[in-house]
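Just below is one structure, and these are the notes that go with it.
The values are calculated or read from the model by the stated rules, or taken from the named source; none is laboratory data. Values in this document were obtained by computation on a predicted structure and should not be read as measured data. Cβ coordinates were reconstructed from backbone atoms using ideal geometry, including for glycine residues, and neighbour counts include every protein chain displayed. Areas reflect the complete protein model, heavy atoms only, side chains present, ligands, DNA and RNA absent. Shrake-Rupley method; radii C 1.70, N 1.55, O 1.52, S 1.80 Å.
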Amino acid sequence: MISLLRDSAAHVFVDSIDAPTLSEGDAHHLLRVLRVKSRDSISISDGKGKWCAGVIDSDAVVEVTSEVFVVPAPKWALTVAFSVVKGDRPEWTVQKLTELGIDEIVLLAPTSRSVVRWDAGRANKNLERLRLVAREASMQSRRVWLPKIDSGVALTQLSAAFIADPNGVALDASHRTLAIGPEGGFADEELNAGQGLVSLGETVLRAETAAISAAVLMSNYRIKGS
Ligand code: SAM
């Protein structure tokens, strides 16, 4: 069953797995960008754990060719929160965190040393764009559970969050929500706002490297189950 998913020519999300139809954008992406051919095997998911195999014809009409498989939600959810940094790094970070299987990706509201601050208009536009990036990365990585993406969340709202800091304890399976600071780091009161400090190693990582590193380590503990 899993090879049907991993080896499909393309993976796509639909609103209803029982009556799957492709959006105009997805149809264009599959036929013109990925050049999926009529009768190539594709996989189709509702982004909420259900998926099936199918084929499309040259008009992107979907024919389902398998039963509907149901994948349970991961045994525990993983959240990575990070401060907005410069340039296209937030997009890049969301893409990689999605590929790595993070369930909730949170862009923090500015902290005291944040350099980048989005105004409300820009924040909404950027959030829309980041959700699209996550959807595309989910297609590429064959996820059947779409990640949740939020922005403008204050550090204090993340009650379960541990704070990433080189002076913390080594990350283990109990750390399932981790907050990464901005270029200038977290201020002292922010370091004390979470459940404790968690280290990702002795070197000082750039914010985006810290986010990816956290995701790799956290998902490794989840794969191992403890
Ligand atoms: N000069 C800043 C400082 O001293 O905090 C460096 C900030 S670093 C570029 C950005 C963020 O990445 C930090 O706030 C922290 O959350 C995270 N980070 C970087 N290296 C880390 C490490 N070795 N362990 C845990 N978190 C780290």
Helices (runs of 4 or more DSSP H) enclosed by the stretch 1-111 - at least 1 residues per element that are outside the structural domain of V144 (by TED's automatic domain parsing) and either more than 27 Å from K224 (Cβ to Cβ) or open to solvent by 70 Å² or more (accessible area, probe 1.4 Å) (or both): 2-6, 24-28
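Kindly indicate whether any position in the stretch 102-113 is within 10 Å of the ligand (Cβ to nearest atom) and in contact with a Phe, Trp or Tyr (Cβ under 8 Å, 6 or more places away or on another chain).
Yes, the stretch 102-113 contains at least one residue that is within 10 Å of the ligand (Cβ to nearest atom) and in contact with a Phe, Trp or Tyr (Cβ under 8 Å, 6 or more places away or on another chain).
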Residues (more than 11 Å from the ligand (Cβ to nearest atom) and not in a loop (DSSP other than H, G, I, E, B)) located in the stretch 173-190: T177, E189
Breaking point among (1) outside any loop (DSSP other than H, G, I, E, B); (2) basic (K, R); (3) at pLDDT below 95, for R117: (1)
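Select, from A193, A160, A187, the only residue that is out of contact with any Gly (no Cβ under 6 Å at 6 or more places or on another chain), modelled with pLDDT of 95 or more and in the same structural domain as K86 (by TED's automatic domain parsing).
A187
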Those residues of the stretch 196-213 which are assigned to a loop (DSSP other than H, G, I, E, B) and under 22 Å from the mean Cα position of the chain (by Cα), in sequence order: L200, L205, R206
Out of A120, A164, A170, A193, sole residue that is surrounded by fewer than 14 Cβ atoms within 10 Å (Cβ to Cβ) and within 16 Å of the ligand (Cβ to nearest atom): A170
R206 vs. criteria at pLDDT 95 or above and away from the ligand (no atom under 11 Å from the Cβ): no
Unique residue being of a type outside the set (S, T, N, Q), over 30 Å from H28 (Cβ atoms) and touching a helix residue (DSSP H, G or I) at 6+ places or on another chain (Cβ under 8 Å) when the list is A170, A73, A161: A161
Tally, over the stretch 199-211, of residues that are closer than 16 Å to E183 by Cβ and open to solvent by 40 Å² or more (accessible area, probe 1.4 Å): 5
Qualifying residue in the stretch 131-142 (condition: in contact with a Gly (Cβ under 9 Å, 6 or more places away or on another chain) and either free of Cβ contacts under 8 Å to residues at least 40 places away in the same chain or assigned to a loop (DSSP other than H, G, I, E, B) (or both)): no
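Could you tell me whether A214 is farther than 30 Å from H29 by Cα, open to solvent by less than 50 Å² (accessible area, probe 1.4 Å) and within 16 Å of the ligand (Cβ to nearest atom)?
Considered against the rule, which asks whether it is farther than 30 Å from H29 by Cα, open to solvent by less than 50 Å² (accessible area, probe 1.4 Å) and within 16 Å of the ligand (Cβ to nearest atom), A214 comes out as yes.
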Selection from the stretch 134-161 of residues that are among the polar types (S, T, N, Q) and surrounded by 18 or more Cβ atoms within 10 Å (Cβ to Cβ): S138, S151
Cβ-Cβ under 9 Å pairs, at least 6 apart or on other chains, the stretch 163-177 side modelled with pLDDT under 95, far side near the ligand (Cβ under 10 Å from one of its atoms): none
Filter result for D172 (within 21 Å of K75 (Cα to Cα) and among the acidic types (D, E)): yes
Scope the stretch 32-52; condition aliphatic (A, V, I, L, M) and closer than 19 Å to P72 by Cβ; matching residues: I44
